[in-house]
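As structure tokens, the structure follows; a few thoughts come after it.
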Amino acid sequence: MTNVYTLYSGLDFEWEEEKNIRNIALDRIDFAGVMALFDRPVVSYPSPRDDELRWVAIGEINEEVLAVVYTVRDNRIRIISARKASKRERESYRSTVARRDPAG
């Protein structure tokens, strides 16, 4: 997995509300709540699709590490899905953040 340590600021967010409703039902995570993930550093890696480049951002909200699939369109982060991060993703996130942040 290639890790990119990223910090977003000043970008707007968008999503399809039908996908958000399905995501809430499946993973109990509301897209509106994951916007805060991008206020702090995230570990990102590409998740390419045939029609567009998607990214997986791994970050922490309220001490829970989440994985958010997104793409960037017209300088907006378009959220596609959100879930709890896998064990591998959590380990990657924590080791990358620890290398970047001497305090933690």
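No lab work stands behind these numbers, since they all come straight from the coordinates. Nothing here was measured: the structure is a model prediction, and the numbers come from that model. For neighbour counting, all protein chains shown are included, and Cβ atoms are generated from backbone atoms with ideal geometry for every residue, glycine included.
GNM on the chain, alpha-carbon springs under 10 angstrom: the most fluctuating residue among 93, 70, 45 is 45. Provide the net charge surrounding residue 72, with neighbours chosen by a C-beta distance below 10 Å and charges set as Lys +1, Arg +1, Asp -1, Glu -1. That sum, taken over residues with Cβ under 10 Å, equals +2.
Extension gain for residue 86-residue 50 works out to 10.5 nm (0.36 nm per residue, less the C-alpha to C-alpha distance). Taking the longest Cα principal axis of the chain as reference, the axis of helix 87-100 is set at about 50 degrees.
Axis angle, to the nearest 10 degrees, between helix 17-27 and the longest C-alpha principal axis of the chain: 50 degrees. Counted over all Cα-Cα pairs of the chain, pairs farther apart than 15 Å make up 61 percent.
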